[in-house]
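Asks: Have a look at this one before I ask anything.
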Amino acid sequence: VAVLNGDVPVHSFLYEYPTGNIFSADIGQGTTYNQKKIKVSQKRSLDSCQILLARPFSEKESEISKILMLNTQRTRITGCPSLDIAMVALGTFEAYIDFHFDKKCLKTHDLIAASLILQEAGGALYGDDGKKLKLSLDTSTTYNVFATNSDEVYNALLNISTLRLALSQPSEPPQMT
């Protein structure tokens, strides 16, 4: 749930049903997890980072997932974007990537509450254009998303040469490094 002032989220609340855990954020006030202040992980070296991925939908996306798996400490696929972004805010993971060549899958309602939770914990959401993501309140807009604990981790993910090549030339399947 996100409370907005215009198009800006000012309060976010995420309830994890199976565990009863609660994430909450107020703009300018930080993020809490079960009423305790949290911050993103301080890990910056990609080989020590743990990341969350969306399920790949094509062979090209599977290749990118393999590249990421080989260049990071650990990867997981859970299937819940808002919780995955909140896990980056909590510091359990350093990044969440939901990228698809043929069809962007995430909509504002998947992201808006978690975006404030991540921002207030010290992380950021990026789009596939390399810029920090500005969410639209248009319900038909879809996104590719990179949620990270830092600009350094985001740039490190993009600097994996084959991943950069795949993103810049989506018609060519990436090769393993």
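Asks: Quick check on segment 84-139: of everything there that is crowded, with 21+ Cβ neighbours inside 10 Å and among the charged types (D, E, K, R), which residue is farthest from Q50 (Cα to Cα)?
Replies: Residue satisfying both the conditions and the ranking: E120.
Asks: Determine which single condition V8 fails, assuming it passes every other condition in (1) among the hydrophobic types (A, V, I, L, M, F, W, C); (2) modelled with pLDDT under 95; (3) over 19 Å from D110 (Cα atoms).
Replies: (3)
Asks: Name the pairs whose Cβ atoms lie under 6 Å apart, with the first residue in segment 4-18 and in contact (Cβ under 8 Å) with a residue 24 or more places away in the chain, the second open to solvent by 60 Å² or more (accessible area, probe 1.4 Å) and hydrophobic (A, V, I, L, M, F, W, C), and 6 or more positions between them or separate chains?
Replies: D7/L137; V10/V3; V10/I27; H11/V3; F13/V1
Each row is one residue, and each column tells you yes or no for (1) assigned to a helix (DSSP H, G or I); (2) of a type in the set (G, A, S); (3) under 19 Å from L158 (Cβ atoms).
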{"site": "G79", "(1), (2), (3)": "no, yes, no"}
{"site": "S82", "(1), (2), (3)": "yes, yes, no"}
{"site": "I85", "(1), (2), (3)": "yes, no, yes"}
{"site": "A89", "(1), (2), (3)": "yes, yes, no"}
{"site": "T92", "(1), (2), (3)": "no, no, no"}
{"site": "Y96", "(1), (2), (3)": "no, no, yes"}
{"site": "D102", "(1), (2), (3)": "no, no, no"}
{"site": "H109", "(1), (2), (3)": "yes, no, no"}
{"site": "I112", "(1), (2), (3)": "yes, no, no"}
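Asks: Right, something else. Based on what the data block shows, is V1 open to solvent by 80 Å² or more (accessible area, probe 1.4 Å), within 19 Å of L111 (Cβ to Cβ) and in contact (Cβ under 8 Å) with a residue 24 or more places away in the chain? Don't jump to the end; show me each part of the working.
Replies: Working: open to solvent by 80 Å² or more (accessible area, probe 1.4 Å): yes; within 19 Å of L111 (Cβ to Cβ): yes; in contact (Cβ under 8 Å) with a residue 24 or more places away in the chain: yes.
Yes: the conditions hold for V1.
Asks: Give me a count of the residues in segment 43-68 that are open to solvent by 60 Å² or more (accessible area, probe 1.4 Å) and under 16 Å from the mean Cα position of the chain (by Cα).
Replies: Residues that pass the stated criteria total 3.
Asks: Can you name the condition, by its number, that K37 falls short on among (1) charged (D, E, K, R); (2) part of a strand (DSSP E or B); (3) in contact (Cβ under 8 Å) with a residue 12 or more places away in the chain?
Replies: With respect to (1) charged (D, E, K, R); (2) part of a strand (DSSP E or B); (3) in contact (Cβ under 8 Å) with a residue 12 or more places away in the chain, K37 is out only on (3).
Asks: While we're here: Specify which of the listed residues (T72, T78) is surrounded by fewer than 16 Cβ atoms within 10 Å (Cβ to Cβ) and of a type in the set (V, I, T).
Replies: T78
Asks: When you go through T75, T31 one by one, which is the residue that is touching a residue at least 60 places away in the same chain (Cβ under 8 Å), within 24 Å of V153 (Cα to Cα) and assigned to a strand (DSSP E or B)?
Replies: Details: T75 fails: touching a residue at least 60 places away in the same chain (Cβ under 8 Å).
Of the residues listed, the single one that is touching a residue at least 60 places away in the same chain (Cβ under 8 Å), within 24 Å of V153 (Cα to Cα) and assigned to a strand (DSSP E or B) is T31.
Asks: Let me ask you something else. Could you please give the count of residues in segment 140-164 that are more than 19 Å from the chain's Cα centre (by Cα) and either loosely packed, with under 15 Cβ neighbours inside 10 Å or at pLDDT 65 or above (or both)? Give the steps one after another, and end with the answer.
Replies: Within segment 140-164, the subset more than 19 Å from the chain's Cα centre (by Cα) is 140, 161-162.
Of the ones still in play, those that are also either loosely packed, with under 15 Cβ neighbours inside 10 Å or at pLDDT 65 or above (or both) are 140, 161.
So the count comes out to 2.
The values are calculated or read from the model by the stated rules, or taken from the named source; none is laboratory data. If you're wondering where the values come from, they're calculated on a predicted model, not measured in any experiment. Don't worry about glycine lacking a Cβ; one is built from the backbone with ideal geometry, like all the others, and counts go over all protein chains shown. The protein model used for the area step is the full one, side chains on, heavy atoms only, and it has no ligands, DNA or RNA in it. Shrake-Rupley method; radii C 1.70, N 1.55, O 1.52, S 1.80 Å.
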